[in-house]
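Asker: I'd like to ask some things about the structure below.
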């Protein structure tokens, strides 16, 4: 299978954002600002009875408010749906099918682990685990969403420095 291309160049520039559905948008905006330095980009947005948005998200009769946030080279979109009501209240597990977590790359994982715990993240491990090429630990934000914290070693094959610059 060939990648999509335009004049011989891949059309995909990278992942733009990850979206997380939250129960309390204002609380979680504050958490992501404090925990990871995300900053709100633009204005908060919302919709109700908007057939265009319903078609985009493929959820008839949806209503939500949200915000786009940015830190480093990543965007995070937070949504708080008021309609329809969520089907499950069980937080996702790492083994569930679908998108189950996003990862934040840090430079001092032990320090960040302690700081994030003080801001309300919970971790199943008593500390980061060193796998040689990466130190990593999974945790949960105050609403139970899974976030991986990682610190790559200089010899790791997938450091952020190895990504090409974003084309203009």
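Throughout, read-outs are computed from the coordinates displayed, never taken from laboratory work. Worth saying up front: this structure is predicted, and the values here are computed from it rather than measured. Positions of Cβ are generated from backbone atoms using ideal geometry, with glycine treated the same way; all protein chains shown enter the neighbour counts.
Asker: Looking at segment 34-125, what % of the alpha carbon pairs are farther apart than 18 Å?
Answerer: 63 percent
Asker: Compute the distance from the alpha-carbon center of segment 67-81 to that of segment 90-168, in whole Å.
Answerer: 17 Å
Asker: So in the chain, what percent of DSSP beta bridges are antiparallel if you round to the nearest 5?
Answerer: Expressed as a percentage, antiparallel bridges in the chain total about 75.
Asker: Among 59, 29, 104, which one shows the biggest mean-square fluctuation in a GNM of the chain, springs joining Cα atoms closer than 10 Å?
Answerer: 59
Asker: Of 77, 114, how do they rank once you tally other Cβ atoms within 10 Å and put the fewest first?
Answerer: 114, 77
Asker: Among 90, 140, 65, whose mean-square fluctuation peaks in a Gaussian network model of the chain (Cα, cutoff 10 Å)?
Answerer: In the Gaussian network model the winner is 90.
Asker: While we're on this one: If you compute Cα Rg over 2.2 N^0.38 Å for the structure shown, which of (1) 1.30; (2) 1.16; (3) 1.12 do you land on?
Answerer: The value computed from this structure is option (2).
Asker: Quick one: of the DSSP bridges fully inside segment 15-83, what percent are antiparallel, nearest 5?
Answerer: On the way: 16 of 21 bridges.
Antiparallel bridges: around 75 percent, rounded to the nearest 5.
Asker: Right, here's the next one. So for segment 76-168, what percent of the C-alpha to C-alpha distances run longer than 18 Å?
Answerer: On the way: 2364 of 4278 pairs.
I get 55 percent for the Cα pairs in segment 76-168 exceeding 18 Å.
Asker: What residue among 88, 118, 62 has the largest mean-square fluctuation in a Gaussian network model of the chain, using Cα springs under 10 Å?
Answerer: In the Gaussian network model the winner is 88.
Asker: Full extension from residue 133 to residue 71: what is 0.36 nm times the residue separation minus their Cα-Cα distance, to one decimal in nm? Each step should come with its number before you reach the end.
Answerer: Numbers: separation 62, 0.36 × 62 = 22.32 nm, distance 2.38 nm.
Here the segment from residue 133 to residue 71 would lengthen by 19.9 nm.
Asker: Now, a different point. Just for segment 101-160, what percent of DSSP beta bridges are antiparallel, to the closest 5?
Answerer: Taking every DSSP beta bridge with both residues in segment 101-160, the antiparallel ones total about 70 percent.
Asker: Between residue 52 and residue 23, what is 0.36 nm times their sequence separation minus the Cα-Cα distance? Round to one decimal in nm.
Answerer: Stretched out fully, the residue 52 to residue 23 stretch lengthens by 8.1 nm.
Asker: With 10 angstrom as the radius, rank 100, 152 by how many other C-beta atoms surround their C-beta, starting from the fewest.
Answerer: Least crowded to most crowded, the residues run 100, 152.
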